[in-house]
Amino acid sequence: MAGRRSDQRSVSAWRPRVQGVVEVFHAHYTEYAYPMHVHDAWTLLIVDDGAVRYDLDRHEHGTPHDTVSLLPPHVPHNGSPATPDGFRKRVLYLDASRLGDELIGPAVDAPDLRDPLLRRRVGRLHTALARPGDELEAESRLTFVGERLRSHLAPRHEAGAARRDPALARRLRELLDERVVEGIGLAEAAALVPAHPAHLVRAFSGAYGIAPHQYLMSRRVDRARRLLLAGTSPADVAGATGFYDQAHLTRHFKRLVGVTPGRYRGSGGR
């Protein structure tokens, strides 16, 4: 039969080293339809092309590209393309403890959230999760995504205006300085300080004008510069300064210095 499209499917899935994220799942489907099923995790969904039509708790919903959809655990749902060319989606499966059980009911009633800021935050979180070595950035972004989701589902719990807390910011800076190479996760830092992770990140950014993950990468790049000028190879520098690999070093080094580590090393520092 002329003009019939072939069913195309492509997926990419991985489990990042970020507490609270069970799985990252990217997919492109042209005709495939999900049957009714459940997950034991929260499903946080954005659609980059096309749209998805799905039933949740016997009510039909849809996901245009500017929507963030949050499907609660243990509630049956399905899914199928709502546009002729199918859809491309990015999904995060969040541990059930990441959002409280008290939010399941509100999420069932209103799973599709029209919030451009939340949409951008989720997209940036996916970008961070795709880069090994940037776990602190991903944890920070995940914290703010969770806070924004809770503000939709339980607005009475919405966080108030950020308040300055220089002592807290200084303590986090000390922790980062102590662990430039080995790094520290946001949850561990928040427990040591102690403070809520979102307040911790805001306090640091407000005090120093830079996010904690940016500060840590800046410190690592400074160390890398000294080692490179001493003649150490970029591959060895990456391991000695806390970067995931040489590509991870190169990405951050070039962004902060303007040239690759190899070119910097060969310049003689001039």
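Quick one: what pairs do we get from region 1-14, first residue modelled with pLDDT under 75, second open to solvent by 80 Å² or more (accessible area, probe 1.4 Å) and not hydroxyl-bearing (Ser, Thr, Tyr), C-beta under 9 Å, 6+ apart or different chains?
Cβ pairs passing all conditions: ARG5/PRO84; ARG5/ASP85.
Please go through region 17-72 and pick out each residue that is of a type in the set (Phe, Trp, Tyr) and within 24 Å of GLU139 (Cα to Cα).
Hits for region 17-72 are PHE25, TRP42.
Just checking, does region 119-130 include any residue being at pLDDT 90 or above, polar (S, T, N, Q), open to solvent by 50 Å² or more (accessible area, probe 1.4 Å) and out of contact with any Asp or Glu (no Cβ under 8 Å at 6 or more places or on another chain)?
Yes, there is a match, as at least one residue in region 119-130 is at pLDDT 90 or above, polar (S, T, N, Q), open to solvent by 50 Å² or more (accessible area, probe 1.4 Å) and out of contact with any Asp or Glu (no Cβ under 8 Å at 6 or more places or on another chain).
Name every residue in region 62-81 that is within 25 Å of ARG120 (Cβ to Cβ), open to solvent by 20 Å² or more (accessible area, probe 1.4 Å) and within 25 Å of the chain's Cα centre (by Cα), in order of residue number.
Selection gives GLY62, PRO64, HIS65, ASP66.
State all residues of region 224-270 that are among the charged types (D, E, K, R) and either under 19 Å from GLU137 (Cβ atoms) or in contact with a Pro (Cβ under 9 Å, 6 or more places away or on another chain) (or both); if no residue qualifies, say none.
Matches in region 224-270: ARG225, ASP245, ARG251, LYS254, ARG255, ARG265.
Out of (1) open to solvent by 40 Å² or more (accessible area, probe 1.4 Å); (2) under 23 Å from the mean Cα position of the chain (by Cα), the odd one out for HIS213 is which?
Going through the list (1) open to solvent by 40 Å² or more (accessible area, probe 1.4 Å); (2) under 23 Å from the mean Cα position of the chain (by Cα), HIS213 breaks only (1).
Only one of (1) buried (at least 21 other Cβ atoms within 10 Å of the Cβ); (2) over 20 Å from the mean Cα position of the chain (by Cα); (3) under 30 Å from GLU102 (Cβ atoms) is not met by VAL21, so which one is it?
If we test VAL21 against (1) buried (at least 21 other Cβ atoms within 10 Å of the Cβ); (2) over 20 Å from the mean Cα position of the chain (by Cα); (3) under 30 Å from GLU102 (Cβ atoms), just (2) comes out false.
Is it the case that region 40-54 has a residue that's without any contact (Cβ under 8 Å) to a residue 24 or more places away in the chain and surrounded by 14 or more Cβ atoms within 10 Å (Cβ to Cβ)?
no
Can you list residue pairs whose Cβ atoms sit under 7 Å apart, with the first residue in region 85-113 being at positive phi and the second being buried (at least 20 other Cβ atoms within 10 Å of the Cβ)? Count only pairs 6 or more apart in sequence or on different chains.
Matching pairs, first to second residue: GLY86/TYR29; GLY86/GLY50.
Residues that are of a type in the set (Gly, Ala, Ser): find the helices (runs of 4 or more DSSP H) completely inside region 171-270 holding 3 or more of those.
Output list reads 186-192, 197-208, 234-240.
When the residues of region 82-101 are narrowed to those that are of a type in the set (Asp, Glu) and within 16 Å of LEU71 (Cβ to Cβ), which ends up surrounded by the fewest Cβ atoms within 10 Å (Cβ to Cβ)?
Of everything passing the filter in region 82-101, ASP101 is surrounded by the fewest Cβ atoms within 10 Å (Cβ to Cβ).
Looking at (1) under 23 Å from GLY100 (Cα atoms); (2) part of a loop (DSSP other than H, G, I, E, B), which one does ARG141 not meet, given that it meets all the others?
Of (1) under 23 Å from GLY100 (Cα atoms); (2) part of a loop (DSSP other than H, G, I, E, B), only one is false for ARG141: (2).
So ARG164 passes all but one of these: (1) touching a Gly at 6+ places or on another chain (Cβ under 9 Å); (2) farther than 30 Å from LEU249 by Cα; (3) surrounded by 14 or more Cβ atoms within 10 Å (Cβ to Cβ). Which condition number does it fail?
(3)
Looking at ARG141, ARG179, can you tell me which residue is under 25 Å from SER12 (Cβ atoms), open to solvent by 20 Å² or more (accessible area, probe 1.4 Å) and at pLDDT 95 or above?
ARG141
The values are calculated or read from the model by the stated rules, or taken from the named source; none is laboratory data. The structure displayed is predicted, hence computed values, not measured ones. When we count neighbours, we look across all protein chains shown, and the Cβ atoms used for this are built from the backbone with ideal geometry, even at glycine. These area figures cover heavy atoms from the full protein model, side chains too; ligands, DNA and RNA do not enter into them. Shrake-Rupley method; radii C 1.70, N 1.55, O 1.52, S 1.80 Å.
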